[in-house]
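The values are calculated or read from the model by the stated rules, or taken from the named source; none is laboratory data. Fair warning: this is a prediction, and the values are worked out from it, not measured in the lab. We place every Cβ from the backbone using ideal geometry, glycine too, and count neighbours over all the protein chains shown.
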Amino acid sequence: MTLRLRPFTEEDEAAARAADEQSAAERQRFLFHLEGTSTWSEVLERFSARRLGHDLPEGIVRSAMLAAVAGEQLVGRVSIRFELTPPLKRGPGHIGYHVIEEFRGLGYATEMLRQALIIARSEGVDHVLVTCDVDNVASARVIEKCGGELADTVESSLNGLPIHRYWIV
Ligand SMILES: CC(C)(COP(=O)(O)OP(=O)(O)OC[C@H]1O[C@@H](n2cnc3c(N)ncnc32)[C@H](O)[C@@H]1OP(=O)(O)O)[C@@H](O)C(=O)NCCC(=O)NCCS
């Protein structure tokens, strides 16, 4: 499978915003952390600043927001946080991923997590925390296929619902 993770570009706006709207009813949005941005250029600047660790608001750690593309097609996104805070430890962990609905069931999330792990490790994160809602069977399978070991089940800092926490070393 040819799947690449790369920064979002100007050309991604329509597909990314459409994916975000489609995700509004789901447990996890395609795009996030966009407060205070309106144009796509501002969104790209925000992603770039977060990647570089510039102007981080209180409690927000350095992170990468990457587009997952198959050929020229945007199929998903990956978010990688390069350190953990207490809320991240009981919530989203180091790596999150989202596959656009029409591209699910094709193995993309598994490949996205596999590649994201390489990026996280290259930044010095060698014990990687990945979490999922207890009823998110597909995500649990993705994590297990990438070597995740179930550590425990806790209440999410985001919404109080139970999440499984996995470590990948
Ligand atoms: C969870 C999600 C990322 C899975 O993406 P995907 O690209 O369809 O996953 P993959 O194709 O890599 O499938 C991974 C495994 O899950 C299984 N799977 C996929 N959908 C499934 C479902 N609805 N029920 C049970 N298993 C499922 C696949 O069969 C595969 O296992 P296998 O290789 O043993 O057959 C995708 O559904 C999604 O983006 N959901 C919304 C956002 C989200 O929940 N993100 C994760 C937050 S923790």
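The table for this structure:
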{"item": "Top-ranked residue of segment 1-46 - restricted to ones that are of a type in the set (A, V, I, L, M, F, W, C), free of Cβ contacts under 8 Å to residues at least 40 places away in the same chain and not in a loop (DSSP other than H, G, I, E, B), ranked as surrounded by the most Cβ atoms within 10 Å (Cβ to Cβ)", "result": "V43"}
{"item": "Residues of segment 90-104 satisfying the condition of being in a strand (DSSP E or B), within 21 Å of T153 (Cα to Cα) and in contact with a helix residue (DSSP H, G or I) (Cβ under 7 Å, 6 or more places away or on another chain)", "result": "I95, Y97"}
{"item": "Among (1) touching a strand residue (DSSP E or B) at 6+ places or on another chain (Cβ under 8 Å); (2) farther than 14 Å from V78 by Cα - the single one S63 does not satisfy", "result": "(2)"}
{"item": "Given (1) closer than 19 Å to R50 by Cβ; (2) assigned to a strand (DSSP E or B); (3) more than 10 Å from the ligand (Cβ to nearest atom); (4) not aromatic (F, W, Y), index of the condition G76 fails", "result": "(3)"}
{"item": "From the options G93, G107, residue that is surrounded by fewer than 17 Cβ atoms within 10 Å (Cβ to Cβ), within 16 Å of the ligand (Cβ to nearest atom) and among the small types (G, A, S)", "result": "G107"}
{"item": "Any hit, segment 51-62, residues being away from the ligand (no atom under 16 Å from the Cβ), at pLDDT 95 or above and among the small types (G, A, S)", "result": "yes"}
{"item": "Counted residues, segment 110-141 - those being farther than 24 Å from R62 by Cα, within 10 Å of the ligand (Cβ to nearest atom) and among the hydrophobic types (A, V, I, L, M, F, W, C)", "result": "3"}
{"item": "Among residues of segment 112-169, those that are hydroxyl-bearing (S, T, Y) and farther than 16 Å from S79 by Cα, counted", "result": "4"}
{"item": "Residue selected from segment 134-156 under the condition small (G, A, S) and not in a helix (DSSP H, G or I), by the criterion nearest to R27 (Cα to Cα)", "result": "S156"}
{"item": "Filtered residues of segment 56-104 (kept if under 24 Å from R17 (Cα atoms), over 14 Å from the mean Cα position of the chain (by Cα) and among the charged types (D, E, K, R))", "result": "E72, E101, E102, R104"}
